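**Q** One structure, pasted below without further comment.
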Amino acid sequence: MSVTENNDNISVTPWLEGELRLAGMLDKRMIALLMAVDESGSINQAAKQVGLSYKGAWQMIERANNLAPKVLIATSTGGSKGGGTSLTAAGQSLLKLFTRLELQHRQFLQQLNQSLADDPDVMLLLKRQVIKTSARNQLFGKITAIHPGAVNAEVFVTLKGGEQVVVSMSLPSLSELDFSVGGDAILLINAPDIVVVGDNDEHYLLSARNRLAGTVIRVQHDGVDSEIIIQLPGGETIAATVTQVSADALALKSGSKVCAVFKTNAPVLGVMPIR
């Protein structure tokens, strides 16, 4: 959602959209055809203006005429394409009605979108839905601590289930993105950067700082690699890509208890803007 200001007018980019449709078939396309007929006086020309075939335009008009209590379009004899065509008084009234309803419909949607924009919890949810990235994993959390060092900083992000992820980043990046404790953050992690450790391997010492315990809910093989989908205690899922040989060696299957392990430099950390 973005809010732009132009002089005294403020427009809100819609999260909620909807199409006005009357009686299940009178929609913007049908109204556009009627308007084109009214302007051109020709069904052939009107069809071209709205991107319909001549036959398709006639079928829409015939259906509208049959369903309406009064004929909407009157056609006089003429050339091979139907001669002169014009809207009847009923057709003109329908155009005026639809125009008035469309204005009220836009105003209604604008009010709803404004109410969404004014609700921070709803906006946080909606913003998360529209994030597009090539990273397989997207985890959301809150920044709970920041520990600056001489060159890099460590940012601690707590997920909804209470799990903590440590992210290492440069001090210039920390300053540029203006991270702050309590802020909402998104973690982007590529599936190949995650190592899957079996439940029986917890006695091994690993250099990777991040260990997220969870349960395998799905294993997908492609003949060479395997994608392991792990559900975390908070309900989020995280995907890891391992070789099929490794997946077989770990005997990974639905219900297996594992840990998703990755280094602090694996995640890309982003902030969630207020607007």
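The values are calculated or read from the model by the stated rules, or taken from the named source; none is laboratory data. The structure displayed is predicted, hence computed values, not measured ones. Every residue, glycine among them, receives a Cβ derived from its backbone with ideal geometry; neighbour counts consider all protein chains shown. Accessible surface is based on the protein model in full, side chains and every heavy atom, while ligands, DNA and RNA are left aside. Shrake-Rupley method; radii C 1.70, N 1.55, O 1.52, S 1.80 Å.
**Q** With the structure loaded, tell me whether VAL261 is out of contact with any Gly (no Cβ under 9 Å at 6 or more places or on another chain), modelled with pLDDT of 90 or more and within 30 Å of GLU154 (Cα to Cα) or whether it fails that test.
**A** Judged against the criteria, VAL261 is a match.
**Q** Which of the residues that make up the range 240-258 are among the basic types (Lys, Arg) and in contact with a helix residue (DSSP H, G or I) (Cβ under 7 Å, 6 or more places away or on another chain)?
**A** Passing the criteria: only LYS257.
**Q** Same structure again: Is it the case that GLN92 is on the phi < 0 side of the Ramachandran plot and at pLDDT 85 or above?
**A** yes
**Q** State yes or no: is ALA208 surrounded by 19 or more Cβ atoms within 10 Å (Cβ to Cβ) and closer than 19 Å to VAL166 by Cβ?
**A** The answer is no for ALA208.
**Q** Would you please list the contacts, defined by Cβ atoms under 8 Å and residues six or more apart or on different chains, that run from a residue in the range 173-186 that is closer than 17 Å to ASN265 by Cα and touching a residue at least 40 places away in the same chain (Cβ under 8 Å) to a residue that is open to solvent by less than 70 Å² (accessible area, probe 1.4 Å) and part of a helix (DSSP H, G or I)?
**A** Once the first residue is closer than 17 Å to ASN265 by Cα and touching a residue at least 40 places away in the same chain (Cβ under 8 Å) and sits in the range 173-186, its partners that are open to solvent by less than 70 Å² (accessible area, probe 1.4 Å) and part of a helix (DSSP H, G or I) give ILE186/ARG128.
**Q** Report, by residue number, each residue of the range 153-178 that is under 26 Å from the mean Cα position of the chain (by Cα), open to solvent by 20 Å² or more (accessible area, probe 1.4 Å) and hydrophobic (A, V, I, L, M, F, W, C).
**A** LEU177
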